[in-house]
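Values in this text are rule-based calculations from the coordinates and carry no lab data. Source: prediction; values computed, not measured. Neighbour counts are summed over all protein chains in view; Cβ atoms, including those assigned to glycine, are modelled from backbone coordinates with ideal geometry.
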Amino acid sequence: MLNFHKIFASALGLGFIPKGSGTFGALLACALIAGIFGLVNDVFYYHSILILLTIVFTLVGRWSSAVMETHWGEDSSKIVIDEVAGMCLSICFIPFSWQNLLLAFILFRFFDIYKPFNIRSFEKYGNGWGVMLDDVMAGIWANGCLQIIIFFL
């Protein structure tokens, strides 16, 4: 079971990349998002699958993060499933286009790295929740900003 948590928490091993592992985790999510849209090509099913995956990545990611923090330390850079979940959330209910995906990626990474507003406060939670929730909040902020950008453009 430990191998499952190691693979899941590191997003298929991307967490072991020495520099920029979080960016690679977010890029994995971008590839997954684009692949889902390419396969499904139906707006309702696309968003439904994206929401389901976000929930699964968040809940199973919390579990795997809690397990792996005992081996890798608190909020280890090897844990990047939180970036995958947050990136998926940043594009939920946004019409798919390459431009929107790129903007979501940029906004998500900004909020994930700099943690403005109340995002950093979510890191204090234990048992894997702190790892996941700050990226979920970064995804929510990125999504909100992207919704506003799309509305005004």
Can you give the FRET efficiency for L12 and D42, using 1/(1 + (r/R0)^6), R0 = 22 Å, r = Cβ-Cβ distance, to the nearest 0.05?
0.25
Starting with the fewest neighbours, write out D42, D112 ranked by other beta-carbon atoms found within 10 Å of each beta-carbon.
D42, D112
May I ask you to sort C145, C30 by Cβ crowding, counting other Cβ atoms within 10 Å and putting the fewest first?
C145, C30
Cα-Cα P(r), the range 37-153, percent of pairs per 10 Å interval
15, 43, 31, 10, 1
Can you put V67, V131 in order of Cβ neighbours within 10 angstrom, beginning with the fewest?
V67, V131
In whole Å and largest first, what semi-axes does the C-alpha gyration tensor of the range 94-153 yield when each eigenvalue is scaled by 5 and square-rooted?
24, 11, 9
Quick one: helix 81-90 against the long Cα principal axis of the chain, what's the angle to the nearest 10°, folded into 0 to 90?
20
Whole-angstrom gap from the range 125-142 to the range 1-17, using each part's C-alpha centre
18
How high is the relative contact order of the chain, in percent, with contacts defined as C-alpha pairs under 8 Å that are six or more residues apart?
28
With a 10 Å radius around each residue's Cβ, average the other Cβ atoms per peptide and rank 83-89, 137-143, 32-38, highest first.
83-89, 137-143, 32-38
Cα-based reach from K6 at 13 Å (exclusive), listing aspartates and glutamates while leaving out same-chain residues under 8 positions away
E69
Using only Cα atoms, find the angle between the long axis of helix 129-152 and the longest principal axis of the chain, and express it within 0 to 90 degrees, rounded to the nearest 10.
10
Rounded tilt (10° steps) of 43-72 against the dominant C-alpha axis of the chain
20
When the chain is fully extended, how far beyond the present Cα-Cα distance does I51 get from N3, taking 0.36 nm per residue of separation?
14.7 nm
